[in-house]
Amino acid sequence: MTDKEKKVVLSLVQPSGELTIGNYLGAIRNFSKFQDEYNCFFAVADMHAITVDQVPADLRRRTKEVLALFIASGIDPEKCTLFIQSQVPEHAQLSWVLNSQAHMGQLSRMTQFKSKSKEHSGNINSALFTYPVLMAADILLYQTDLVPVGEDQNQHLELARDLAQRFNARYSETFTVPNAFIDKEMGKIYSLKDPDKKMSKSDPDSNSYILINDKSDVIRKKIKRAVTDDKNNFSYNDEQKGLKNLINIYSAFSQKSVEEIVKKYRGENYSNFKEDLGDLIVEKLSPIQEKYNEILNDKKYLTDIYTNGAIKAEKVAYKTLSKVYKKIGFLKREML
Ligand code: ATP
Ligand code: LTN
């Protein structure tokens, strides 16, 4: 099948902090599953990242880190288009057009906007508000069929669908209406310190998360200190959320079922399980870390990938944007 006949999968990850095993297990690890059967676009959402304050040097470094992690996690740059959002200007251009179609009411109901404006109360800028419109532009530019994301992004996906349908109805068929791909199995990884909260790279307590690039002894220590309970009962249920989360992490890294894990550790104290879990994470992350560091050290390799990626992405994006500009009444720019 040629790329043209394949369905399109697209997802972006923000370079807004050091990546955690939540990002890896919940999103990035699963991207590579699509690359043989779909025409895949994966990108770093650096334009989304500036909706909250960023230190320029950190933003540059993290942008490369996300790309390196994509590749270290099995995404093949030969099979997929890997690029950086700000290097394809059509994202900003389509976003402006879609802003003229998006309603203030719908945007003000976005839960991420509400939570981020509380978190960053000193900097509630208008890009934080129109963030989901830029995300819709990311998706619609590539005529995307499927968008693999965590559950937290569902409401944004709904906006992208609404904007596509509204535009198609008003100006004739232009955009593919995308669907979210939320794999229930990916689940959500919770904080090691508070199992009611999602594991988040922006959590001020560094013991609450494991970073992809944490050293072996740090990983083991964080797992040892993870919150469980004093029931001394190794089982998988909602009353023992801390333990449940650790079992989920074990299951995700080992590909073993929850039942198997519970059977193996039933009757033992939690510390044996925690020790094994620490070892397991170290074992599974170390080849990824090795590859990741190798890629980051090869500047030319990475630059070539995102430069070629932007060229490939722009070809598709330009085609969609040209159609949109024509339909809404912008004059074609003549080349001299
Ligand atoms: P922050 O933690 O700073 O709020 P984030 O990690 O949620 O940010 P992104 O970097 O854009 O935001 O997330 C990238 C992807 O990782 C998204 O698809 C998101 O759903 C997924 N993801 C993030 N954290 C988790 C988690 N704890 N468990 C599962 N998936 C997650
Ligand atoms: N908002 C997303 C990141 C993101 C995205 C996208 C995901 C930006 N543009 C397009 C899928 C498709 C997040 O915070 N996880």
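The values are calculated or read from the model by the stated rules, or taken from the named source; none is laboratory data. Please read all numbers here as calculations on a predicted model, not as lab measurements. Glycine also receives a Cβ, built like all others from the backbone with ideal geometry; neighbour counts cover every protein chain displayed. In case anyone asks, the SASA skips ligands and DNA or RNA and just uses the protein heavy atoms, side chains included. Shrake-Rupley method; radii C 1.70, N 1.55, O 1.52, S 1.80 Å.
Scanning the stretch 22-57 for residues that are farther than 22 Å from PRO77 by Cα, outside any loop (DSSP other than H, G, I, E, B) and more than 10 Å from ligand 2 (Cβ to nearest atom) yields GLY22, PRO56, ALA57. Taking the listed residues VAL44, VAL52, the one that is β-branched (Val, Ile, Thr) and at pLDDT below 95 is VAL52, with no other qualifying. Residues in the stretch 153-173 include at least one that is modelled with pLDDT of 95 or more, closer than 23 Å to LEU10 by Cα and in a loop (DSSP other than H, G, I, E, B). Scanning the stretch 180-200 for residues that are more than 16 Å from ligand 2 (Cβ to nearest atom), open to solvent by 40 Å² or more (accessible area, probe 1.4 Å) and either modelled with pLDDT of 90 or more or basic (Lys, Arg) (or both) gives LYS184, TYR190, LYS193, ASP194, ASP196, LYS197.
Each row is one residue, and each column tells you yes or no for (1) polar (S, T, N, Q); (2) in contact with a helix residue (DSSP H, G or I) (Cβ under 6 Å, 6 or more places away or on another chain); (3) farther than 30 Å from SER32 by Cα; (4) buried (at least 19 other Cβ atoms within 10 Å of the Cβ).
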| residue | (1), (2), (3), (4) |
| --- | --- |
| ASP53 | no, no, yes, no |
| ALA92 | no, no, no, no |
| SER95 | yes, yes, no, yes |
| SER126 | yes, no, yes, no |
| LEU140 | no, yes, no, yes |
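Among the residues of the stretch 201-211, is any among the hydrophobic types (A, V, I, L, M, F, W, C), within 20 Å of LEU25 (Cβ to Cβ) and surrounded by 15 or more Cβ atoms within 10 Å (Cβ to Cβ)? Yes, because at least one residue in the stretch 201-211 is among the hydrophobic types (A, V, I, L, M, F, W, C), within 20 Å of LEU25 (Cβ to Cβ) and surrounded by 15 or more Cβ atoms within 10 Å (Cβ to Cβ). Each residue in the stretch 147-179 was checked for being within 10 Å of ligand 2 (Cβ to nearest atom) and in contact with a Pro (Cβ under 8 Å, 6 or more places away or on another chain), and 4 pass.
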